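A.B. asks: Quick one: structure below, then a few questions.
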Amino acid sequence: MLDRYLVSGGRALDLATGASISWHLRRSTTVAMLPLFTKRAQSWLIDFDLRGRSRVEVWERPTDEWGGEPDHVGTVEAFRAALADAQDGRPRALDLVEPSLANWARTHRLLAREARLAGFVPLDADALGAVLAQGRWRWPSWLKHRSIVVFATDARLSPDAVLALFRLATKDARPHLVVRTATGDRVWRPRLMPVACQVHEGTEEMLNGPDELIARARDQHADGRVIDAEATARWSVLLTVPGPEHTAARCALARCLIAQRRLLEARAALLTADSDEAAELRSQILAGPADPCNEPAMVEAFLDILRACQDVDDGQLMMERMAALLRERLAASTIAFITRDRDQPHVVVHAGAAAPPVGQLDLALRALDTGLAIGPVDRGPAVEAAWPIRYGATVVGALWCHWAVGAPIVAPDIALILRLAASACAPAAYEVSERSRTPRIAALMPELVGDSQAMQLVRQVVLRAAGSPFPVLIEGESGVGKELVARAVHGASSRRSRCFCALNCAAITDELVEAELFGHTRGAFTGAVAERLGLFEDAQGGTLFLDEVAELSTRVQAKLLRTIQEGEVRRLGESQTRKVDARIVAATNRPLEAAVAADRFRADLRYRLDVLRITIPPLRERLEDIPPLARHLWSVLATRTGSRAVLSPSALTALGAYDWPGNVRELQNVLASAMVAGPSRGVIGAGGLAAHITRATAIAGRATLAEARRAFELHFVQAALARAGGRPGVAARELGVSRQGLSKLVARLEVPGRERPRLATQ
């Protein structure tokens with residue numbers, strides 16, 4: 001409850017009425033709770049809050065006696081309706097008439113309590129002006145992001161209150177409600193005023209006519225009180241009708257704006273003014289003195305925008321400075337940079353009282369969808385504009401502007417400034433959006449990245465395989481992510497709480513493979529200094545992944561077949577068997593049918609392993625997965641290295657033009673090389689990628705028939721060598737050439753990283 005009042009220095013103050021208040025905690029539940037506005041010992045109860053079985057009461061000593069009991073029902077209902085409109089982002093003014101000042105004191109406190117219960121901060125207009133003036137016209141921390149209700153009675157406002165109310169109505173987008181009250185010998189007539197610019201028709205000087213207001217504004221400007229002069233001049237513009245007085249008021253306002261270097265607002269103020277004084281002021285705005293610091297309005301705005309883009313390297317900070325600069329230059333209530341997040345607008349950076357709600361960003365969403373500039377559009381009391389931000393041929397975001405009460409800048413000036421700002425901050429907007437983008441991946445298997453139809457089919461097969469207890473065979477070229485799919489099968493199955501054990505069958509000898517799979521006793525062979533469990537026993541209740549299963553010898557294949565069939569293992573050096581329960585997931589980089597036909601793999605073991613098959617297509621057959629894969633791998637690498645750089649669209653295009661014989665593993669290595677070799681922040685283009693990637697892109701873009709044939713042969717040979725694990729004999733058999741023919745191909749095509757194969761090696 002303390003946040004409803006201003007508590008400082010041991011004193012409590014109700015800023016809605018300006019009165020001192022005191023607290024009282026009523027703990028006893030036997031005493032009847034006092035109703036609101038009960039009088040006791042020259043004080044009255046103005047508010048209370050329940051805390052369990054206790055009640056905190058707020059008491060105030062009134063300065064005037066209160067009269068009879070007025071009817072508050074109509075007033076409270078109108079006030080609540082106005083609060084609801086203000087909460088929806090539509091500032092309102094509520095006009096009230098009270099025949100008795102004493103009755104108004106009670107109603108005033110009742111409405112203040114309703115405002116506090118609705119989450120608003122009630123403030124007297126003079127108190128609001130004093131608070132802002134003391135803070136040099138900046139919102140204090142306790143009020144910075146709060147919605148407010150301002151009470152003004154009998155139009156008696158201080159100059160600070162006038163300026164505070166005008167700034168609230170024109171340059172602040174926070175939800176607020178202004179209650180204007182007149183006391184006299186009239187009956188209650190609550191009336192809602194939907195136009196926000198009609199709040200508080202001014203000070204006592206306003207009653208004497210606009211001529212005195214214009215003269216007062218000129219005197220204040222001559223005394224150096226530019227801010228007060230601006231407030232007075234703006235009220236004079238509101239109170240005059242088209243004619244000489246209106247022109248003089250606009251000229252007085254333009255002088256105040258020129259003194260504050262707000263030249264675009266001054267130009268807009270003089271747009272309809274036709275007099276010698278207006279022509280003189282226009283010449284000051286357009287020509288300017290010889291001092292380089294006093295350039296014409298648009299040139300100065302352009303230079304400020306370019307400086308904001310060059311002063312800092314961090315894209316987020318640059319966009320924050322740009323938003324603040326645009327808000328000042330365009331005199332807007334809110335400026336926001338908008339991106340798209342899963343078909344919904346997302347506020348990346350904003351300058352203003354609070355971030356705009358998503359429901360208010362339909363104009364920005366239209367700019368993102370169409371890529372066209374929209375506005376300024378008049379939406380009742382408010383004006384909005386949206387400008388798309390393009391990086392290359394892609395719309396990466398939008399600039400959204402909001403003015404609470406009309407745009408004080410002419411539409412062509414707004415369009416020019418937004419156009420330049422959108423072009424200048426496009427690289428930073430792309431960098432920030434790429435860094436904050438979450439890859440759209442299936443929720444059940446976030447490790448399987450890709451939106452192609454092939455990857456969607458892989459996910460479906462993985463889910464079906466995970467729900468069954470049978471062995472799984474994964475086929476795919478080297479580097480496509482077979483172990484990742486095996487881990488996905490394990491993670492989606494009922495065995496995910498148990499161990500996942502992996503063995504590369506092609507990386508160790510036959511003797512060690514047997515020891516790794518089945519375990520051994522001490523002294524079973526040379527080097528067996530201790531007893532060791534095999535992977536079948538380690539994976540008890542879990543999953544055993546056998547990578548490159550086609551490389552097993554026939555002896556190990558026979559023992560593996562018996563283990564799968566009987567569900568038991570016998571360690572090397574032992575005669576007894578042990579029951580095991582481990583699910584087998586095998587992987588191979590070439591189909592097992594060919595190995596069975598060549599008598600290199602047992603057909604019965606193949607049938608045992610190939611119960612459920614998952615085929616992973618190579619990366620060159622699902623090129624649409626390269627952008628999300630590249631973003632995912634880049635984010636992982638950036639987390640490990642601390643880099644803040646992002647890939648440009650041209651780099652993603654170059655990655656998509658390469659056919660990736662090494663598949664995802666090669667893509668990961670290329671991205672790691674680009675990240676280490678490139679800058680630690682900013683955007684990395686296609687020139688930052690490896691040379692063979694850019695060379696392949698250039699050949700694909702402009703190649704003769706001979707160049708295209710050579711490129712195809714090079715990639716075909718590289719893919720065969722990759723599938724064969726770098727063994728020339730295996731690659732030669734797959735290509736259908738002799739070993740000497742493969743040696744000549746490698747020499748002629750200049751395969752990177754390959755020497756001429758020697759005939760004595762296999």
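A.B. asks: Does the stretch 555-564 include one or more residues that are touching a Pro at 6+ places or on another chain (Cβ under 6 Å) and surrounded by fewer than 20 Cβ atoms within 10 Å (Cβ to Cβ)?
C.D. replies: No, because not a single residue in the stretch 555-564 is touching a Pro at 6+ places or on another chain (Cβ under 6 Å) and surrounded by fewer than 20 Cβ atoms within 10 Å (Cβ to Cβ).
A.B. asks: Continuing with the same structure: Which is closer than 29 Å to G481 by Cβ and of a type in the set (A, V, I, L, M, F, W, C), of A530, A558, A603? Before the answer, list the steps.
C.D. replies: Numbers: A530 fails: closer than 29 Å to G481 by Cβ; A558 fails: closer than 29 Å to G481 by Cβ.
None of the other options fit; the residue is A603.
A.B. asks: Here is a list of conditions, (1) closer than 20 Å to Y430 by Cβ; (2) modelled with pLDDT of 80 or more, and A393 meets all of them except one; can you say which number that is?
C.D. replies: The one condition A393 does not meet is (2).
A.B. asks: Tell me, please, whether a residue that is assigned to a strand (DSSP E or B) and assigned by TED's automatic domain parsing to the domain that holds E328 can be found in the stretch 403-419.
C.D. replies: Taking the stretch 403-419 first, the residues assigned to a strand (DSSP E or B) are 403.
Those still in the list that are assigned by TED's automatic domain parsing to the domain that holds E328 too: 403.
Yes, the stretch 403-419 contains at least one residue that is assigned to a strand (DSSP E or B) and assigned by TED's automatic domain parsing to the domain that holds E328.
A.B. asks: Where the second residue is of a type in the set (V, I, T) and in a loop (DSSP other than H, G, I, E, B) and the first is in the same structural domain as E514 (by TED's automatic domain parsing) and at positive phi and lies in the stretch 562-587, which pairs have Cβ atoms under 6 Å and are six or more apart or on separate chains?
C.D. replies: G573/T521
A.B. asks: Helices (runs of 4 or more DSSP H) wholly in the stretch 680-762 with at least 1 residues that are surrounded by 16 or more Cβ atoms within 10 Å (Cβ to Cβ), out of contact with any Gly (no Cβ under 8 Å at 6 or more places or on another chain) and modelled with pLDDT under 75 - which ones?
C.D. replies: Filter on the stretch 680-762 gives 691-701.
A.B. asks: When you scan the stretch 597-625, how many residues do you find that are over 48 Å from the mean Cα position of the chain (by Cα), among the hydrophobic types (A, V, I, L, M, F, W, C) and crowded, with 18+ Cβ neighbours inside 10 Å?
C.D. replies: Filtering the stretch 597-625 for residues over 48 Å from the mean Cα position of the chain (by Cα) gives 597-608.
Remaining after also requiring among the hydrophobic types (A, V, I, L, M, F, W, C): 597-598, 601, 603, 605.
Imposing the further condition that a residue be crowded, with 18+ Cβ neighbours inside 10 Å reduces the set to 601, 605.
Of the residues in the stretch 597-625, 2 are over 48 Å from the mean Cα position of the chain (by Cα), among the hydrophobic types (A, V, I, L, M, F, W, C) and crowded, with 18+ Cβ neighbours inside 10 Å.
A.B. asks: A further question on this structure: What about R498, is it over 22 Å from A630 (Cβ atoms) and in contact (Cβ under 8 Å) with a residue 60 or more places away in the chain?
C.D. replies: No: the conditions fail for R498.
A.B. asks: Of the residues A386, A373, A332, A336, which is surrounded by 24 or more Cβ atoms within 10 Å (Cβ to Cβ), touching a Pro at 6+ places or on another chain (Cβ under 8 Å) and at pLDDT 80 or above?
C.D. replies: It is A336.
A.B. asks: Now, a different point. Taking the stretch 598-614, which residues are under 14 Å from L546 (Cα atoms) and touching a Pro at 6+ places or on another chain (Cβ under 6 Å)?
C.D. replies: L609
One line per residue, one yes/no per condition, for (1) assigned to a helix (DSSP H, G or I); (2) over 28 Å from L263 (Cβ atoms); (3) not assigned by TED's automatic domain parsing to the domain that holds R681:
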{"site": "M318", "(1), (2), (3)": "yes, no, yes"}
{"site": "A336", "(1), (2), (3)": "no, no, yes"}
{"site": "T339", "(1), (2), (3)": "no, yes, yes"}
{"site": "V349", "(1), (2), (3)": "no, no, yes"}
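The values are calculated or read from the model by the stated rules, or taken from the named source; none is laboratory data. Just so you know, these numbers come straight off a predicted model, no measurement behind them. Every residue, glycine among them, receives a Cβ derived from its backbone with ideal geometry; neighbour counts consider all protein chains shown.
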